[in-house]
Amino acid sequence: MSNSNGSTLARNRFVSSYSDLVAEVRDTGLLERRRTYYVIRIAATIAAFVAVWAGVVMIGDSWWQLALAAALAVISTQFGFLGHDGAHRQMFASASANEWTARIVAGAFAGLSLHWWRAKHNRHHKAPNQIGVDPDIAPGPIVFVPADAEDRTGISGWFTRHQGWLFFPLVTLEGVALHISSIQGLIGRAPVAHRVLELALIVGRLLFGLVLPLVLMPLPIAAAFIIVHLALFGLLLGGSFAPNHKGMPLVPKDMRVDFLRRQVLMSRNIRGGRFTDFMMGGLNYQIEHHLFPSMPRPNLAKVQPLVRAHCARHGVTYTETSLVGSYAIVIRYLNQAGLGERDPFTCPLVQTYR
């Protein structure tokens, strides 16, 4: 049998096994939406948002405002996660209700664009870690593909060669970058549904977060408040996404991979309890989320044993590690990629499908 025929049979076998997993999971009811859970969570997060700003007004001229800035960053991150869940239609049976909820909570409370994020994130889910397809590994300030580092010289080259160690300082700017990208995605020439509304929500949220501190606090405290909020927001949000795929195998651009292995082998879960679940917005169950993107967040932990057992039965590597361990992997990988090392994390599918 030719290698091509063998690859096709292997791919078809895993397609069939994923169908079996879907049927098993559907029978458990874990794909059903959790409306009450999300209504309560959204209401509680909005209440916390209002309480923090009420505290800002009451405290006024005090460096204790920085504690509220940190709390606001945590709450803003939670709104980002809620927008993510709504965009994946995890909340309600109605597609429209999910979309509008995501648009409002992400735009009005986190300053993020549903339109920009969904377009980018859908491409990532389609082919995680696939070179030239996944926008999350496209070259930018940080290089994720070794070949992209080869032509960088001077200051850019020095930065790229040390990018692993510089990753966490840089990720503090992620919040600002996301705000800028959200606005840029809405002011382009391409048609955007509800463009004006999204822009109004995002700009209104950003102006509120800048103007109110400047009105209520002396300039040094106001500046520190804004910096702490934006830096911690970027660190929390970026730090939740980075462990999930960075340092996992890269897939060549022209490789075809079955859905099961495309999602499992390129994803990494993070161990932890309820605190980890809260701080990472359920993204610590990255494998389960990629296999079942519309599954409500609280059900991901419940489906994990089924997914892990299914992968074991079919010989598919299931990766899970600690949060600290994942960051160590990410730093090492980025340093290797920044040096232009070929295949620092070779995809196990390459040999199978060649």
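With Cα atoms as the point set, the radius of gyration and Dmax of the chain evaluate to 21.3, 77 Å. When the alpha carbon coordinates of the stretch 145-262 are projected onto the principal axes, the ranges are 54, 38, 30 Å, largest first. Highest mean packing first, where packing is the average number of other Cβ atoms within 10 Å per residue, the peptides 25-35, 112-122 line up as 112-122, 25-35. The radius of gyration of the Cα set in the stretch 237-323, together with its Dmax, comes out at 12.7, 40 angstrom. If you bin all the Cα-Cα distances of the stretch 76-153 at 5 Å, starting from zero, the percentages per bin are 3, 16, 19, 17, 15, 12, 8, 5, 2, 1, 0.
The order of Phe144, Phe233 by accessible area, most exposed first and with a 1.4 Å probe, is Phe144, Phe233.
Which of the listed residues, Ala312, Phe275, Leu82, is farthest toward the dipole's positive end in the chain, when Lys, Arg count +1 and Asp, Glu count -1 at the beta-carbon? Farthest towards the positive pole: Ala312. Taking Cα centre as origin and charging only the Cβ of basic (Lys, Arg, +1) and acidic (Asp, Glu, -1) residues, the dipole magnitude of the stretch 38-191 rounds to 360 debye. Using only alpha carbons, the stretch 14-157 has a radius of gyration to Kirkwood radius ratio (Rg to Rh) of 1.10.
A convex hull fitted to the Cα coordinates of the stretch 149-200 yields 122 cubic angstrom per residue. Across the accessible surface of the chain, with the other protein chains kept in place and a 1.4 Å probe, carbon and sulfur atoms take up 64 percent. Of the residues Phe92, Leu114, Gly325, the one whose Cα sits farthest towards the positive end of the charge dipole of the chain is Phe92 (charges of +1 on Lys and Arg Cβ, -1 on Asp and Glu Cβ, taken about the Cα centre).
With a Förster radius of 41 Å, plug the Cβ-Cβ distance of Val324 and Arg256 into 1/(1 + (r/R0)^6) and report the FRET value to the nearest 0.05.
Taking R0 as 41 Å, the efficiency between Val324 and Arg256 is 0.70.
Across the alpha-carbon set of the stretch 50-111, the Rg to Rh ratio works out to 1.15, Rh being the Kirkwood radius. The simple Förster model, with R0 at 56 Å and r as the Cβ-Cβ distance, assigns Arg195 and Asp20 a FRET efficiency of 0.85. For the chain, the number of Lys pairs with C-alpha atoms closer than 18 Å, counting only pairs eight or more positions apart or on separate chains, is 4. Its relative contact order, with pairs defined as Cα atoms under 8 Å and 6+ residues apart, puts the stretch 73-113 at 44 percent.
The values are calculated or read from the model by the stated rules, or taken from the named source; none is laboratory data. Since this is a predicted model, take the numbers as computed values, not measurements. Neighbour counts are summed over all protein chains in view; Cβ atoms, including those assigned to glycine, are modelled from backbone coordinates with ideal geometry. Ligands, DNA and RNA are excluded from the accessible area calculation, which covers all protein heavy atoms including side chains. Shrake-Rupley method; radii C 1.70, N 1.55, O 1.52, S 1.80 Å.
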